[in-house]
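The values are calculated or read from the model by the stated rules, or taken from the named source; none is laboratory data. On a predicted model such as this, the values are computed, not experimentally measured, just so you know. Here Cβ is always computed from backbone atoms with ideal geometry, including for glycine, and neighbour counts include all displayed protein chains.
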Amino acid sequence: MNHERVIAYVDGFNLYFGLKSQRLERAYWLDIPGLLARFLGPGQRLIETKYFTSRISGPPDKAKRQTTYLEALATLPGVTMFFGHYQADARRCRKCGETWHENREKTTDVQIAVELLKDAMSDRLDVSYIVSADSDLVPPIRAFRELWPAKRIVAIFPPGRGSVQVDAAVHAKRRIRSSAALACQMPDVVPGADGYPKRRPMDWM
């Protein structure tokens, strides 16, 4: 029996801030492939989960929690990591004239677009899951549909997130329910690839 091959493209920060908006700190230790498996239909198989994010530089406690999670997530079968970077953009208050720099996460949408189109061009997938509500992904979604009309693309919106533009561009949409996120957690202690255990942060218990 031939299975439909599914590859998921996960916008890490979009997912994180969706969970945060719903105060789902206890769901941060998320088993993403396990969660996505809940969306598979009959005859479908999740062959890879591509996770896109950027490493934060501080505060130190937050950076440590992020690193611990990423190292634990990377041990799960079929997970591939892609890292972007932050760019400091100048901001100015229109009222007082004060200026400051605001760090913005860069390249995630571009990396997702590149990987999505590469995988389709190489015929590695039949169905793609886009785990994001970022409307910047609409152009590559439209290109995917135009170039490969036999393949399908599904948006999976994080908790508390949505996009009318993304909804209109994909074949179908799904939403991550809070209950599903809470149910799909990694073990509290995950054996690390470096030989050291990765423990769920106490703040996420």
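Could you say whether any residue in segment 182-195 is in contact with a Phe, Trp or Tyr (Cβ under 6 Å, 6 or more places away or on another chain), hydrophobic (A, V, I, L, M, F, W, C) and within 21 Å of Y16 (Cβ to Cβ)? Within segment 182-195, one or more residues are in contact with a Phe, Trp or Tyr (Cβ under 6 Å, 6 or more places away or on another chain), hydrophobic (A, V, I, L, M, F, W, C) and within 21 Å of Y16 (Cβ to Cβ). Looking at segment 169-195 only, could you name the residues that are within 24 Å of E25 (Cβ to Cβ), in a loop (DSSP other than H, G, I, E, B) and without any contact (Cβ under 8 Å) to a residue 60 or more places away in the chain? Correct list: R177, P187. Among residues that are farther than 29 Å from R199 by Cβ, at pLDDT below 95 and under 17 Å from the mean Cα position of the chain (by Cα), V114 is not included.
Results for (1) without any contact (Cβ under 8 Å) to a residue 24 or more places away in the chain; (2) surrounded by fewer than 22 Cβ atoms within 10 Å (Cβ to Cβ); (3) in contact with a Cys (Cβ under 8 Å, 6 or more places away or on another chain); (4) assigned to a helix (DSSP H, G or I), shown as yes or no for each residue.
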| site | (1), (2), (3), (4) |
| --- | --- |
| A143 | no, yes, no, yes |
| E146 | yes, yes, no, yes |
| I153 | no, no, no, no |
| D167 | yes, yes, no, yes |
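The number of residues in segment 37-58 being among the basic types (K, R) and either assigned to a loop (DSSP other than H, G, I, E, B) or in contact with a Cys (Cβ under 9 Å, 6 or more places away or on another chain) (or both) comes to 2. Scanning segment 140-151 turns up no residue that is under 25 Å from S54 (Cβ atoms) and under 13 Å from the mean Cα position of the chain (by Cα). Assessment of segment 29-36 against the conditions (exposed (fewer than 15 other Cβ atoms within 10 Å of the Cβ) and either in contact with a Phe, Trp or Tyr (Cβ under 6 Å, 6 or more places away or on another chain) or not in a helix (DSSP H, G or I) (or both)) yields no matching residue. Based on what the data block shows, is P159 in contact (Cβ under 8 Å) with a residue 24 or more places away in the chain, over 30 Å from D136 (Cα atoms) and surrounded by 13 or more Cβ atoms within 10 Å (Cβ to Cβ)? Considered against the rule, which asks whether it is in contact (Cβ under 8 Å) with a residue 24 or more places away in the chain, over 30 Å from D136 (Cα atoms) and surrounded by 13 or more Cβ atoms within 10 Å (Cβ to Cβ), P159 comes out as no.
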